[in-house]
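One structure is given here, and the rest of the page talks about it.
No lab work stands behind these numbers, since they all come straight from the coordinates. This is a predicted model, so every value here is computed, not measured. Note that each Cβ is placed from the backbone with ideal geometry, even for glycine, and that neighbours are counted across all protein chains shown.
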Amino acid sequence: MSHNSLLLIAAAGVALLLLLIIKVKVQPFVALMVVSIGVALAAGVPAADLVSTIEDGMGSTLGHIATIIALGAMIGRIVELSGGAASLAHSLIARFGEKRTPLALTVAGFLLGIPVFFEVGLIILMPIAYGVARASRKPLLIYALPMAAAMLTVHAFLPPHPGAVAAAATIGADQGWVLLLGIPLTAVVIFAGHLLAKRMTRREYTLTADVYEKVYGDGGGEPGESPEPIATGGDSDSDGSVPAGPGAQQVGGTANPPSFGMVVSLIITPIALILLGTIGTNTLAEGSVTRAVLTVLGAPMVALLIAAGLAAYFLGVRRGWSSGQISSVMGSALPGVAMVILVAGAGGVFGKVLVQTGIGDAVADILDRTGLPLLALAFVMTLLLRAVQGSATVALVATAGLITPLLHRTDLSAQQLALVCLAMGAGALAVSHINDAGYWMFTKLAGLEVGDGLRTWTVLTTAMGVIGFALTGLLWLVV
């Protein structure tokens with residue numbers, strides 16, 4: 001089949017994917033599977049090979065990411081229900097002082113955003129922002145805007161969040177390098193977002209009546225009051241839900257919250273192990289015992305398994321939870337990430353079909369002829385898909401599938417592949433607007449009208465995405 005025919009099939013496939021998700025409101029996993037099958041058959045994959053192609057794409061992707069996403073969700077669930085999130089936020093507020101409370105909540109959003117999904121983190125931290133705004137009698141947005149933007153930034157850029165994990169697995173980027181380069185980059189982007197939000201919130205925005213009453217009237221809860229557990233999306237893309245789970249409410253609470261140091265230690269443990277594994281692989285002699293040990297401990301699934309065990313012990317066993325309660329809490333994290341994992345797997349199927357049919361090479365030819373640098377292509381493609389269909393995860397997995405054949409033609413280092421992954425994350429952060437569930441959740445919790453949400457949240461996330469892309473470009477010059 002000619003390249004032009006393959007490109008037409010690819011264009012029709014992407015258009016159908018967007019139509020199904022945006023107009024027909026088909027679940028992204030189902031839409032990706034339908035489009036993948038349709039593209040495969042239209043491009044000439046024999047019917048006898050169709051099932052094996054789908055199984056290969058799903059299996060190769062989920063083999064990399066399913067365990068990582070599930071374990072990350074379990075850690076976040078234990079931190080959430082043990083009261084560790086509220087403890088972290090209050091400790092940071094006390095350490096930073098009253099004048100720097102917006103920065104303290106931004107840092108809390110950054111740290112909590114690593115193990116906890118965006119929407120869950122927003123539910124946990126927003127009542128604390130309510131309490132601080134009520135006590136200070138200052139506008140809620142001063143505290144809520146940079147805090148929420150920090151959590152969305154981590155969600156778009158860093159493992160173990162599903163989009164970042166799936167994108168890294170698809171293009172072959174090492175997650176250790178993604179973290180090593182991504183953590184400082186993300187920190188800079190978040191600090192820049194804090195400064196931009198500080199400027200944006202100099203003017204006051206009108207709050208909806210219900211939120212105003214909750215924050216400044218008698219109906220609001222006390223500062224730091226634990227939010228009621230509710231069902232909510234497990235991803236800022238509405239790819240799943242995070243129900244409270246059996247027994248979760250009985251276990252949760254803040255009667256004996258973990259210390260600040262304990263929560264931070266549990267958050268950085270898997271990150272430190274993964275980074276040590278990457279550093280050991282690149283600096284120690286092959287065959288050395290130390291390198292072998294660090295390689296095993298630094299494997300993302302092993303690092304997260306160790307962190308999950310430590311979280312279960314220090315936040316559960318030592319606080320009086322029974323083994324049954326711990327099992328229930330960890331299990332309650334899984335329903336919310338099941339659909340997220342399937343969406344990422346379906347993205348792997350889409351990518352496999354593109355390679356198997358030769359469409360990937362045809363698309364790579366077109367992309368190559370644009371003359372745009374790889375980083376710019378990765379950023380722009382992800383940003384456009386994010387803007388059109390709303391889901392950061394879908395934008396990341398679809399772009400990764402489209403751009404991988406082009407990456408295979410180049411001789412990129414591990415660091416450069418990680419930067420391509422981060423550039424895609426920058427695109428996924430930008431343009432959060434009315435087709436994104438995360439946009440609606442933030443604006444409703446912050447009491448913003450649609451127009452004010454676009455002027456604040458959408459502008460801020462887009463600016464932070466552009467800053468993130470600019471930083472990947474600077475890092476590209478030195479790696």
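What you get for the stretch 3-476, charging only the Cβ of Lys and Arg (+1) and of Asp and Glu (-1), is a dipole of about 1040 debye around the Cα centre.
Using the Cβ of L367 as centre and a radius below 11 Å, the other residues enclosed give a net charge of -1, where K and R count +1 and D and E count -1.
The base-10 log of I(q)/I(0) for the stretch 27-186, evaluated at q = 0.14, 0.17 Å⁻¹, reads -0.78, -0.98 [Debye formula, identical scatterers on Cα atoms, solvent excluded]. Net charge of the neighbourhood of A104, taken over other residues with C-beta under 15 Å away and scored Lys/Arg +1, Asp/Glu -1, is +4. In summary, the helical segments of the chain meeting the span-like criteria, namely a full DSSP H run, a Cα extent along the axis of 27 angstrom or more and a mean Kyte-Doolittle hydropathy of at least 1.6, are 3-22, 260-283, 334-357. The residues S391, S91, when put in order of fewest to most other Cβ atoms within 10 Å, stand as S91, S391. Residue order for I183, I68, fewest other beta carbons within 10 angstrom first, comes to I183, I68. When R369, R319 are sorted by how many other C-beta atoms sit within 10 angstrom of their C-beta, beginning with the fewest, the order is R369, R319. Counted by Cβ distance under 11 Å from N256, the other residues give a net charge of +2, where Lys and Arg count +1 and Asp and Glu count -1. Any chance you could count the Lys pairs in the chain whose alpha carbons are under 24 Å apart, treating pairs 8 or more apart or on different chains as valid? For the chain, qualifying lysine pairs total 11.
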